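Visitor: Can you read through this structure? Questions will come right after.
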Amino acid sequence: MIEPEQALVAAHADARLRIEASKTVLRMAIMFPDRMSPTEACERALEELDKVPQVAILLREVPVEVPYSIIPNTDRVRGLSAQQSKILDLVAKGCNNEEIGKTLHLSPLTVKSHLARVYKTLKVHNRAEAVAKVMELKHGSNPGTN
């Protein structure tokens with residue numbers, strides 16, 4: 001019989017592997033947009049993350065490193081302010097509202113308010129969809145195409 005501590009260590013290791021796999025899928029979509037659409041990349045990454053219990057807590061422990069900014073100039077995403085673009089850039093890097101607030105010297109509630117306006121402008125419902133939409137706009141991809 002497996003000891004509870006061993007089971008916990010194994011579950012934690014499995015969670016970290018799934019998170020790394022998700023990050024790799026997203027990095028590949030950013031670096032090679034002709035091979036995988038941003039929407040497909042987000043769906044694949046979320047499939048892996050759905051298998052991780054308490055994924056929100058673990059994601060705060062493991063920062064996502066994006067090799068370059070995926071946020072285009074604000075004139076490419078009409079309706080987004082420079083501040084909203086900065087916030088979305090930090091969202092794409094895996095930051096939560098508190099981390100974004102500290103970085104940009106804003107309260108987490110102000111960040112939340114900016115994100116609500118971003119979602120409305122981009123016609124999306126959450127962070128992942130917002131990042132995917134901006135990637136599509138920047139790279140000129142259509143969802144579901146390679």
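The values are calculated or read from the model by the stated rules, or taken from the named source; none is laboratory data. Predicted model only: the values in this text are computed from it and were never measured. Reconstructed Cβ throughout: ideal geometry from the backbone, glycine too, with neighbour counts over all protein chains shown.
Visitor: For the range 19-53, which positions are assigned to a helix (DSSP H, G or I) and hydroxyl-bearing (Ser, Thr, Tyr)?
Guide: Start the filter on the range 19-53 by keeping residues that are assigned to a helix (DSSP H, G or I), which leaves 19-31, 38-50.
Residues satisfying the conditions are Ser22, Thr24, Thr39.
Visitor: What are the pairs with Cβ atoms under 6 angstrom where one residue, in the range 93-122, is of a type in the set (D, E, K, R) and the other, located anywhere, is in a helix (DSSP H, G or I) and surrounded by 16 or more Cβ atoms within 10 Å (Cβ to Cβ)? Sequence gap at least six, or different chains.
Guide: Going by the 6 Å Cβ cut-off, the qualifying pairs are Lys112/Asn97.
Visitor: Can you tell which of Leu88, Leu115, Leu80 is of a type in the set (A, V, I, L, M), over 17 Å from the mean Cα position of the chain (by Cα), at pLDDT 80 or above and under 27 Å from Leu137 (Cα atoms)? Give the derivation first.
Guide: Numbers: Leu88 fails: over 17 Å from the mean Cα position of the chain (by Cα); Leu115 fails: over 17 Å from the mean Cα position of the chain (by Cα).
Selected residue: Leu80, the only one of Leu88, Leu115, Leu80 that is of a type in the set (A, V, I, L, M), over 17 Å from the mean Cα position of the chain (by Cα), at pLDDT 80 or above and under 27 Å from Leu137 (Cα atoms).
Visitor: Residue check: is Glu5 in a helix (DSSP H, G or I) and at pLDDT below 80? Can you show your working first?
Guide: Working: in a helix (DSSP H, G or I): yes; at pLDDT below 80: yes.
Yes.
Visitor: While we're here: Tell me, which residue of the range 96-136 that is within 15 Å of Gly79 (Cβ to Cβ) and among the aliphatic types (A, V, I, L, M) is surrounded by the fewest Cβ atoms within 10 Å (Cβ to Cβ)?
Guide: Taking the range 96-136 as the starting set, the residues that turn out to be within 15 Å of Gly79 (Cβ to Cβ) are 114-124, 130, 133-134.
Filter once more, so that each one left must be among the aliphatic types (A, V, I, L, M): 115-116, 118, 122, 124, 130, 134.
On the way: Leu115: 19, Ala116: 10, Val118: 23, Leu122: 20, Val124: 16, Ala130: 23, Val134: 25.
Among those that are within 15 Å of Gly79 (Cβ to Cβ) and among the aliphatic types (A, V, I, L, M), it is Ala116.
Visitor: Considering only residues of the range 74-114 that are part of a helix (DSSP H, G or I) and in contact with a Lys or Arg (Cβ under 7 Å, 6 or more places away or on another chain), which is farthest from Met28 (Cα to Cα)?
Guide: Of all residues in the range 74-114, those part of a helix (DSSP H, G or I) come to 82-92, 97-104, 108-114.
With in contact with a Lys or Arg (Cβ under 7 Å, 6 or more places away or on another chain) added as a condition, the list becomes 84, 91, 97, 104.
Working: Gln84: 25, Val91: 18, Asn97: 25, Leu104: 28 Å.
Ranking the qualifying residues of the range 74-114, first place goes to Leu104.
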